[in-house]
Amino acid sequence: MTTTAITHIGTLVTNNPELGDGPLGRIDDAALVIDGDKIAWAGPAKNVPATDEAHDAAGRAVIPGFVDSHSHLLFAGDRTAEFNARMEGRAYSAGGIRTTVAATRAATDAALEANLTHYLAEALRQGTTTFETKSGYGLTTEDESRALRIAAAHTDEVTYLGAHIVSPDFADDPAAYVELVTGEMLDACAPHARWIDVFCEKGAFDGDQARAILTAGKARGLHPRIHANQLSYGPGVQLAVELDAASADHCTHLTDADVDALAHSDTVATLLPGAEFSTRAQWPDARRLLDAGATVALSTDCNPGSSFTSSVPFCIALAVRDMGMTPDEALWSATAGGAQALRRTDIGHLAPGARADLTLLAAPSHVHLAYRPGVPLVSQVWRGGVRAV
């Protein structure tokens, strides 16, 4: 395999404290070596070993590629009118999902895949090298399974979300829909997914329904994650910890007991500030979670209704400005935190042995991601050791 050195790095964030300063393992005036699709070495530029090729970072900061551990990219249609109305004062509720369900059911496989790849390319240009995506806009056995099949061709991190809302077809019989989601639909979808998710919220699924759905998924080999405590206080976080979910996502309305449960578990609190920005809702309190010792991830929640952004840098800026995070904490959460939310050890850091997924910024420091919000700072993206942007 060809080895490549990236030299003259202004600041290198490794996310490995053994390699550099602080929790980010930061190294100034650094270099790293890529061997095939892996990181082979990282350290001070003066010590870089000989390689087959070299690439000059010209003083740019280098960070791990972003890990977007929560997105909804298998959809069709547009909800501009809903967003516009909301900005005029209408509150967000789970019911808006039905608009996307109708459009998604009507779309061809080719249209859904074209939409998916469009937003994946958009995210890659902004530094995202790993993404998770969900079904949840079909809500029939056929439409959920085809969404997952399409997604599985583009990522290993595929989530079955048949329990996004109760299907409009079962509006008068939610129990029958839960039976479908845990039976025939699960059988069709499990071969294409790694994860199972449920929207545990008023207007969607209650705690007992969510437990039944996630437990059925676990029995089929799918690991749980959960939309928890987004719109109101509820049982989602406690259920996530009880079932060893990899992630409880949103975590906006938390009791002290919820925070304590997360802090003493392996369940990551994945915060999605794009949703609060787009719905003018209460911000999650990242500071409270971090101070309690919980592991926090930051992700986009990219979806057409409540968070139509694919930009992790934008979410970092929101988290620093409005959620009490420092720039260091926000970057860690968007990289290593996302990896933990996917229970991955090969991504989210740039220590030897990790995947060579990295982003070069047109800035000397990662702090510019929050310091210069909205500015396109990503200048290069390498994924699996190959320059992709």
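Structure notes:
- Matching residues in region 226-248 - criterion: being out of contact with any Lys or Arg (no Cβ under 9 Å at 6 or more places or on another chain), in a helix (DSSP H, G or I) and either within 22 Å of residue 72 (Cα to Cα) or open to solvent by less than 10 Å² (accessible area, probe 1.4 Å) (or both): 236, 237
- Any chance residue 113 is over 22 Å from the mean Cα position of the chain (by Cα) and of a type in the set (Asp, Glu): no
- None of 304, 313, 284 is in contact with a Phe, Trp or Tyr (Cβ under 6 Å, 6 or more places away or on another chain) and either hydrophobic (A, V, I, L, M, F, W, C) or crowded, with 23+ Cβ neighbours inside 10 Å (or both) except 304.
- Top-ranked residue of region 287-301 - restricted to ones that are within 20 Å of residue 255 (Cβ to Cβ) and small (Gly, Ala, Ser), ranked as least open to solvent (accessible area, probe 1.4 Å): 294
- Selection status of residue 143, part of a loop (DSSP other than H, G, I, E, B) and in contact (Cβ under 8 Å) with a residue 24 or more places away in the chain: no
- Test: residue 275 is hydrophobic (A, V, I, L, M, F, W, C), farther than 20 Å from residue 61 by Cα and within 16 Å of the chain's Cα centre (by Cα): yes
Okay, residues lined up against (1) among the charged types (D, E, K, R); (2) assigned to a strand (DSSP E or B); (3) within 23 Å of residue 357 (Cβ to Cβ):
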{"position": "7", "(1), (2), (3)": "no, yes, yes"}
{"position": "11", "(1), (2), (3)": "no, yes, yes"}
{"position": "17", "(1), (2), (3)": "no, no, yes"}
{"position": "28", "(1), (2), (3)": "yes, yes, yes"}
{"position": "34", "(1), (2), (3)": "no, yes, yes"}
{"position": "58", "(1), (2), (3)": "no, no, yes"}
{"position": "86", "(1), (2), (3)": "yes, no, no"}
{"position": "98", "(1), (2), (3)": "yes, no, no"}
{"position": "101", "(1), (2), (3)": "no, no, no"}
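- Hey, residue 154 more than 24 Å from residue 314 (Cα to Cα) and in contact with a helix residue (DSSP H, G or I) (Cβ under 9 Å, 6 or more places away or on another chain) or not: no
The values are calculated or read from the model by the stated rules, or taken from the named source; none is laboratory data. Everything numeric in this text was worked out from a predicted model, so none of it was measured. With ideal geometry, Cβ positions are generated from the backbone for all residues, glycine too; neighbour counts draw on all protein chains shown. Please note that ligands, DNA and RNA were not included when accessible areas were found on the heavy atoms of the full protein model with its side chains. Shrake-Rupley method; radii C 1.70, N 1.55, O 1.52, S 1.80 Å.
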